[in-house]
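Q: Below is a structure I'd like to ask you about.
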Amino acid sequence: MNAVLSRRGLMALGGGLVVGFALRAEEPARPGSLKETPSLDAWIRVAPDGRVTVFTGKVELGQGIKTALLQVAAEQLDVPVAQIDLVTADTMRTPNEGFTAGSHSMQDSGTAIMNATAQVRGLLVAAAAAEFGVAVETLTTADSTVRAADGRSVGYGTLAAKLNLHVDAEPASTLKDPATYRLMGTPMPRVDIPAKLTGGPAYVQDMRLPGMLHARAIRQPSVGAKLLDFDAGPIEAMPGVVKVVREGSYLAVVAGKEWQAIKAMRALEAAAKWEETASLPDQATVLDLLRGLPARDIPVLTWKGEAGAPVKRLKARYTRPYMMHGAIGPSCAVAQLADGTMTVWTHTQGVYPLRSALAGLLRLPVEQVHCIHVEGSGCYGHNAADDVAGDAVLIARAVPGRPVRVQWMREQEHTNEPYGAAMIAEVEGAVDAAGNIVDWDYGVWSNTHNRRPYVGGLMLQNAALPEPLPVPPPAPIPMPEGGGERNSNPIYAFPNAKVVSHFIPEMPVRVSALRSLGAYLNVFAIESFMDELAEGAGADPVEFRLRHLKDERAKAVVSLAAEKFGWVAGKRGEGRGFAFARYKNLGAYCAIALALRVEHETGHIRLGRVVAAVDSGQVVNPDGIRNQIEGAIVQAASWTLYETVRFDRKRVLSRDWSGYPILRFAAAPESIAVHIVPRPGQPFLGTGEAGQGPMAAAIANAVRDAAGVRLRDVPLSAPKVKAAIGV
Amino acid sequence: MIRLTVNGQQHEVDAEPDTPLLYVLRDDLGLNGAKFGCGLGQCGSCTVIVDGQPVLSCLMPVSVLSGRQVRTIEGLGGNAVQHAFAEEQAAQCGYCIAGMVMRATALLEQNPHPSEHDIREHLSLNLCRCGTHMRILAAVRRAAGQGGKS
């Protein structure tokens, strides 16, 4: 018996609530998502005219996954990219690949499609060999055609018409020799960009179905607020208003035109009276509160070995506040109840889990809910994309037959999205006389990092409805991926180390997945502390890292970033910072070197040159990798320099971009250069979340170098920097 | 009925006078480019050009636009800024991009040779959350004939 830890089981059930062990007798493991969806025709179909359709359960989030998957399929099949239609997540058409999250899309779907398309190409070639009566080895493929040495040729469409692709993929595939790749590893312009540059319909926000109505929800002003009786009559009489929807404390309005819906929503907000309670914690002391809450201690690792005598011991605590996803486009969904089926167009990251959650909310069987992914504004994790779909279905149910488009307002998005969790890391370490780390003791305290809905109880609307569904308890995500403990396991080779994750079930503030989860704080802490220990040992930060690394790919990335930056060992005081991590210690390697200035008068940090090196395994679209790492660098700079969700005891106070400032152009780095380490033939490692942690630590390390102060509490805001410098 | 000129075409729309231009563009005229981002004039994703000036369409009531020329990304016809954004692959999710293109177009029409400082200051009203800033800056430099990546 083979015990296969099914990631699908984990993901579909909310990351760790239930660990799905799929026990399969003597069944060999197939690569990527072929494990869960083995049939070739679930991934690829070839029409008689030769046109190819490729199916993926992953979704485009602006990370360029559609383009990369097309490159993979076209490469392995020998079909022009223009001949391929790619269908992304749809509960009636595509494989269930759980969530598009955790930098897993290339590893899961990219690997599945690479192997499925390679196997289909093999079947096509075998069919042609039989038809021509020649050996497979004598045939070549190009442009959707199989050619024989004698000049005969046959198109894929003709061959496919006689082939049965409704067969399970083999565990092993004959992939092309990476040295012959023409598309994989070569930059390709993103297929989704032209519409975005010309005003083409590109987002769920741009959908206009015949007869479509516009709706807005009126959110509870604070958690648990109870809607008291009020007269909605005057609002129902407003121009264009079709209906005011009220169920318990759930309130929404639907109108003919969008502006009419917004005006009616504002009128309802003014008219509605709420009973509120002070349910939020005191912001000033929330980290101490979290640190003191009951926690479940989860051992991450214990290493024991022989080591030199410690001569210097350091101890530090690193923290981050609640942070926001802050999509530029407030979340949106369109829903329509017709012929007993609720169809939902949504920018969720997981159409299948959302289908279950919406079915729960509506008390419908899942078969009667159909979720279709349509792109939205970037989400960066579990933002309001799922919850707005909850609004759309509740409102669409009240106006059967009519499609309903709902978009959240800016203040609704800011105050109701689930935030990235506030966290605390405490670390103690020691170096010996030779400057080697001989002891490492690390603890991290965090809430869950995954409250993505897979049952109705996890939808925002649930608590407002008259008969709320049960809410599953929060659960940790087990290592090796981890939630709060993600990347708490150091990549460095220490003789003695202990890492413990303190999982806090009670959530004073609603939280869920924000890009990179716990890795952001853990890498910030580990990489800041590595610099602190290097300083204690009198070592250069880059050399100090290299001396503690055993992984050759890690060393290569560190060395490349240092070389391209022009890092000079021992040169200090010029505002230079360095940091490195391998995401989850399973994914992409990323090292960042940067320069910055600290304005002593104001405490402002001015970012200069940023140089990154990345190893994402086999490269598919190098420009896509660069774009993702650049994005991680700028987004993490914004998190690290500016961001904190503010609240009083009742309400969230960060209601818009003035109450939650993020990085603007004037503060962007002077330049960013991303250097890729090519790894032909190696597994895909993903890219989207590799840079955030290293960027945070590189900033803090450079601030120490520039201004002589060590800041351990994110954000490194100007007032904090100024206070630390003491000017 | 409200009359307005969008991308050179005259339209009569049946909208309440206080309706912000954004909703008339999107809902009455079926144009996708201008996006709802904040409704507060803080993010720039709704930026269009009115009489040569970049304007936040989420704040401007349609009733004040009579006799004025409104331009949206749909009416640019593949200008140098759009080409430069494509060349630099200057988008991730892209929700902010139409607003960026419109603001950059307005800048280059008024100031064909902007300095790096000019570009950054001019674009600073527009927010991007994916962190595509360096590519957007490179695209505007490229459109200004200053080459792309520095």
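Q: Hey, any hits in the stretch B:68-86 for a residue that's at the interface with chain A (Cβ under 7 Å from one of its Cβ atoms), open to solvent by 10 Å² or more (accessible area, probe 1.4 Å) and in contact (Cβ under 8 Å) with a residue 24 or more places away in the chain?
A: Within the stretch B:68-86, one or more residues are at the interface with chain A (Cβ under 7 Å from one of its Cβ atoms), open to solvent by 10 Å² or more (accessible area, probe 1.4 Å) and in contact (Cβ under 8 Å) with a residue 24 or more places away in the chain.
Q: Which of the residues belonging to the stretch B:104-137 are within 21 Å of A:E670 (Cβ to Cβ), open to solvent by less than 20 Å² (accessible area, probe 1.4 Å) and more than 10 Å from chain A (Cβ to nearest Cβ)?
A: Across the stretch B:104-137, the qualifying residues are B:A104, B:L107, B:P114.
Q: Moving to a separate point now. Output the residues belonging to the stretch B:16-39 that are over 13 Å from B:M60 (Cβ atoms), in a loop (DSSP other than H, G, I, E, B) and not polar (S, T, N, Q).
A: Within the stretch B:16-39, B:E16, B:L29, B:G30, B:L31, B:G33, B:K35, B:F36, B:G37, B:C38 meet the criteria.
Q: Answer yes if at least one residue in the stretch A:319-333 is assigned to a strand (DSSP E or B) and surrounded by fewer than 16 Cβ atoms within 10 Å (Cβ to Cβ), and no otherwise.
A: No: zero hits.
Q: Count, please, the residues in the stretch B:39-87 that happen to be in contact with an Asp or Glu (Cβ under 8 Å, 6 or more places away or on another chain) and of a type outside the set (A, V, I, L, M).
A: Within the stretch B:39-87, residues that are in contact with an Asp or Glu (Cβ under 8 Å, 6 or more places away or on another chain) and of a type outside the set (A, V, I, L, M) number 6.
Rundown of residues vs (1) out of contact with any Asp or Glu (no Cβ under 6 Å at 6 or more places or on another chain); (2) assigned to a loop (DSSP other than H, G, I, E, B); (3) open to solvent by less than 60 Å² (accessible area, probe 1.4 Å); (4) under 28 Å from A:K564 (Cβ atoms), yes/no style:
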| site | (1), (2), (3), (4) |
| --- | --- |
| A:S658 | yes, yes, no, no |
| A:I672 | no, no, yes, yes |
| A:I699 | yes, no, yes, yes |
| A:R704 | yes, no, no, yes |
| A:A724 | yes, no, yes, no |
| A:V727 | yes, yes, no, no |
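Q: Continuing with this model, one more query. Given the criteria under 29 Å from B:C130 (Cβ atoms) and either more than 9 Å from every other protein chain (Cβ to nearest Cβ) or open to solvent by 10 Å² or more (accessible area, probe 1.4 Å) (or both), does B:S63 qualify?
A: Judged against the criteria, B:S63 is not a match.
Q: For A:K315, work out the one condition from (1) open to solvent by less than 50 Å² (accessible area, probe 1.4 Å); (2) outside any loop (DSSP other than H, G, I, E, B); (3) not hydroxyl-bearing (S, T, Y) it doesn't fulfil.
A: (1)
Q: Within the stretch B:45-54, track down each residue that is more than 18 Å from A:D206 (Cβ to Cβ) and either under 8 Å from the mean Cα position of the chain (by Cα) or at pLDDT below 95 (or both).
A: B:I49, B:P54
Conditions (1) in a strand (DSSP E or B); (2) within 18 Å of A:G102 (Cα to Cα), marked per residue:
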residue: A:E428; (1), (2): yes, no
residue: A:G435; (1), (2): no, no
residue: A:W440; (1), (2): yes, no
residue: A:A475; (1), (2): no, yes
residue: A:G483; (1), (2): no, yes
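Q: Next question. Regarding the stretch A:227-250, can at least one residue be identified that is open to solvent by 40 Å² or more (accessible area, probe 1.4 Å), within 30 Å of A:V645 (Cα to Cα), part of a loop (DSSP other than H, G, I, E, B) and not assigned by TED's automatic domain parsing to the domain that holds A:G435?
A: So far as the stretch A:227-250 goes, yes, one or more of its residues are open to solvent by 40 Å² or more (accessible area, probe 1.4 Å), within 30 Å of A:V645 (Cα to Cα), part of a loop (DSSP other than H, G, I, E, B) and not assigned by TED's automatic domain parsing to the domain that holds A:G435.
Okay, residues lined up against (1) open to solvent by less than 20 Å² (accessible area, probe 1.4 Å); (2) away from chain B (no Cβ under 14 Å); (3) among the β-branched types (V, I, T); (4) in contact with a Gly (Cβ under 9 Å, 6 or more places away or on another chain):
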{"residue": "A:V253", "(1), (2), (3), (4)": "yes, yes, yes, no"}
{"residue": "A:W259", "(1), (2), (3), (4)": "no, no, no, yes"}
{"residue": "A:I262", "(1), (2), (3), (4)": "yes, no, yes, yes"}
{"residue": "A:A271", "(1), (2), (3), (4)": "no, yes, no, no"}
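Q: Do we find a residue being modelled with pLDDT of 95 or more, in the same structural domain as A:I44 (by TED's automatic domain parsing), surrounded by fewer than 19 Cβ atoms within 10 Å (Cβ to Cβ) and basic (K, R) anywhere in the stretch A:145-158?
A: Yes; the residues of the stretch A:145-158 include at least one that is modelled with pLDDT of 95 or more, in the same structural domain as A:I44 (by TED's automatic domain parsing), surrounded by fewer than 19 Cβ atoms within 10 Å (Cβ to Cβ) and basic (K, R).
Q: Suppose we filter the stretch B:40-51 for residues that are open to solvent by less than 30 Å² (accessible area, probe 1.4 Å) and part of a loop (DSSP other than H, G, I, E, B); how many remain?
A: Selection size over the stretch B:40-51: 5.
Q: What are the pairs, 6+ residues apart or on separate chains, where a residue within the stretch A:632-651 that is free of Cβ contacts under 8 Å to residues at least 60 places away in the same chain has its Cβ under 6 Å from a residue that is outside any helix (DSSP H, G or I) and open to solvent by less than 20 Å² (accessible area, probe 1.4 Å)?
A: Going by the 6 Å Cβ cut-off, the qualifying pairs are A:V634/B:G131; A:S638/A:I662; A:S638/A:L663.
Q: Evaluate the following for A:V54: is it crowded, with 24+ Cβ neighbours inside 10 Å, over 20 Å from the mean Cα position of the chain (by Cα) and in a loop (DSSP other than H, G, I, E, B)?
A: Taking the combined requirement at face value, the residue does not satisfy it.
Q: For A:E467, indicate whether it is open to solvent by 30 Å² or more (accessible area, probe 1.4 Å) and in a loop (DSSP other than H, G, I, E, B).
A: Yes: the conditions hold for A:E467.
Q: Here's a follow-up. Output the residues belonging to the stretch A:634-683 that are more than 9 Å from every other protein chain (Cβ to nearest Cβ) and of a type in the set (K, R).
A: A:R646, A:R649, A:K650, A:R651, A:R655, A:R679
Q: Additional query: Within the stretch A:256-311, which residues are free of Cβ contacts under 8 Å to residues at least 40 places away in the same chain and of a type in the set (A, V, I, L, M)?
A: Passing the criteria: A:A267, A:A270, A:A284.
Q: Here is a follow-up. Can you give me the number of residues within the stretch A:532-551 that are within 21 Å of A:R317 (Cα to Cα) and open to solvent by 10 Å² or more (accessible area, probe 1.4 Å)?
A: Residues flagged as within 21 Å of A:R317 (Cα to Cα) and open to solvent by 10 Å² or more (accessible area, probe 1.4 Å) within the stretch A:532-551 amount to 4.
Q: Scan the stretch A:590-609 and tell me whether some residue there is surrounded by 24 or more Cβ atoms within 10 Å (Cβ to Cβ), of a type in the set (D, E, K, R) and not assigned by TED's automatic domain parsing to the domain that holds A:G110.
A: Within the stretch A:590-609, none of the residues are surrounded by 24 or more Cβ atoms within 10 Å (Cβ to Cβ), of a type in the set (D, E, K, R) and not assigned by TED's automatic domain parsing to the domain that holds A:G110.
Q: Between residues in the stretch B:98-126 that are part of a loop (DSSP other than H, G, I, E, B) and residues that are aromatic (F, W, Y), which pairs lie under 8 Å by C-beta distance while being six or more apart or on different chains?
A: B:S124/A:F665; B:N126/A:F665
Q: I've got another one for you. Among the residues in the stretch A:337-350, are any surrounded by 24 or more Cβ atoms within 10 Å (Cβ to Cβ), within 14 Å of another protein chain (Cβ to nearest Cβ), under 25 Å from the mean Cα position of the chain (by Cα) and of a type in the set (S, T, N, Q)?
A: There is at least one residue in the stretch A:337-350 that is surrounded by 24 or more Cβ atoms within 10 Å (Cβ to Cβ), within 14 Å of another protein chain (Cβ to nearest Cβ), under 25 Å from the mean Cα position of the chain (by Cα) and of a type in the set (S, T, N, Q).
Q: Taking A:G110 as the residue in question, decide whether it is in contact with a Phe, Trp or Tyr (Cβ under 8 Å, 6 or more places away or on another chain), in a helix (DSSP H, G or I) and within 20 Å of A:V374 (Cα to Cα).
A: So A:G110 passes the test.
Q: Given the conditions (1) within 25 Å of the chain's Cα centre (by Cα); (2) away from chain B (no Cβ under 14 Å); (3) in contact (Cβ under 8 Å) with a residue 60 or more places away in the chain, and given that A:L394 satisfies all but one, which numbered condition is not satisfied?
A: Unmet condition: (1).
Q: Considering only residues that are of a type in the set (G, A, S), within 14 Å of another protein chain (Cβ to nearest Cβ) and not in a loop (DSSP other than H, G, I, E, B), which ones fall in the stretch A:188-220?
A: Within the stretch A:188-220, A:A195, A:A215 meet the criteria.
The values are calculated or read from the model by the stated rules, or taken from the named source; none is laboratory data. All of these numbers come straight from a predicted model, not from anything done at the bench. Cβ atoms come from the backbone with ideal geometry, glycine included; neighbour counts cover every protein chain shown. Just so you know, the surface numbers come from the protein's heavy atoms only, side chains and all, with ligands and any DNA or RNA stripped out. Shrake-Rupley method; radii C 1.70, N 1.55, O 1.52, S 1.80 Å.
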